[in-house]
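The values are calculated or read from the model by the stated rules, or taken from the named source; none is laboratory data. Bear in mind the structure is a predicted one, so any value in this text is a computation, not a measurement. Cβ atoms come from the backbone with ideal geometry, glycine included; neighbour counts cover every protein chain shown. Just so you know, the surface numbers come from the protein's heavy atoms only, side chains and all, with ligands and any DNA or RNA stripped out. Shrake-Rupley method; radii C 1.70, N 1.55, O 1.52, S 1.80 Å.
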Amino acid sequence: ASFWPSGGPSWDALAIISDSDRRIRPGVILVEAKSHIPEIYGNGCQAGSHSRGLIEKALAETKDWCGASTDADWTGPLYQSANRLAHLYFIRERLKRQAWLVNIYFINDGAWKAELQKVKASLGLTSKVPLAIDLFLPALT
């Protein structure tokens, strides 16, 4: 509650994993999936003033963790991508739990990779985000 307002993101999939011998502390896999480029963009953060302040503080912490540019707009059209990174940060750094973010892109052309480079530049990300991957799968017709 001190990190994010109630009713956080709706994930496309969530999983808890561990090894069969339970030697490794269970971890969380956060999954976000997109099938069309326009799905990456949205209306931005629509939170009220109290929630907005909490969100902006969390996003600032996450930017620092990711090494993102502090002046990148994380509450605008790429807010959903930003809040996914924030929840990865929260689980890894605040809860000290294993977690991975998997962004799945269903592709049928080469446009995704170029668009994702623009997205990462807009988010001020100049290096790979720790424990987050982009997975490209063929779209079935």
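With respect to the conditions (1) part of a strand (DSSP E or B); (2) open to solvent by less than 50 Å² (accessible area, probe 1.4 Å); (3) touching a Pro at 6+ places or on another chain (Cβ under 7 Å), residue 16 falls short on a single one, namely (2). Restricting the first member to the range 1-26 and to residues that are more than 21 Å from residue 102 (Cβ to Cβ) and in contact (Cβ under 8 Å) with a residue 12 or more places away in the chain, and the second to residues that are among the β-branched types (Val, Ile, Thr) and surrounded by fewer than 12 Cβ atoms within 10 Å (Cβ to Cβ), no beta-carbon pair is closer than 9 Å while six or more apart or on different chains.
Here the condition is being touching a Ser or Thr at 6+ places or on another chain (Cβ under 7 Å) and among the charged types (D, E, K, R); of 63, 34, it holds for 63 alone.
What are the residues in the range 76-111 that are touching a residue at least 60 places away in the same chain (Cβ under 8 Å) and among the β-branched types (Val, Ile, Thr), if any? Residues satisfying the conditions are 91, 102, 104. Figure legend. Inter-residue proximity from the range 112-141: first residues touching a residue at least 40 places away in the same chain (Cβ under 8 Å), second residues surrounded by fewer than 14 Cβ atoms within 10 Å (Cβ to Cβ), beta-carbon distance below 6 Å, spacing 6+ or different chains. Indicated pairs: 127/67; 139/108.
Restricted to the range 95-123, and to residues that are outside any helix (DSSP H, G or I) and in contact with a helix residue (DSSP H, G or I) (Cβ under 7 Å, 6 or more places away or on another chain), which residue is nearest to residue 69 (Cα to Cα)? Per the criteria, the residue is 123. For the range 28-42, a residue qualifies if it is among the small types (Gly, Ala, Ser) and either outside any strand (DSSP E or B) or open to solvent by 40 Å² or more (accessible area, probe 1.4 Å) (or both), and the qualifying residues are 35, 42. The set of residues from the range 45-99 being among the β-branched types (Val, Ile, Thr) and open to solvent by less than 50 Å² (accessible area, probe 1.4 Å) comprises 55, 62, 75, 91.
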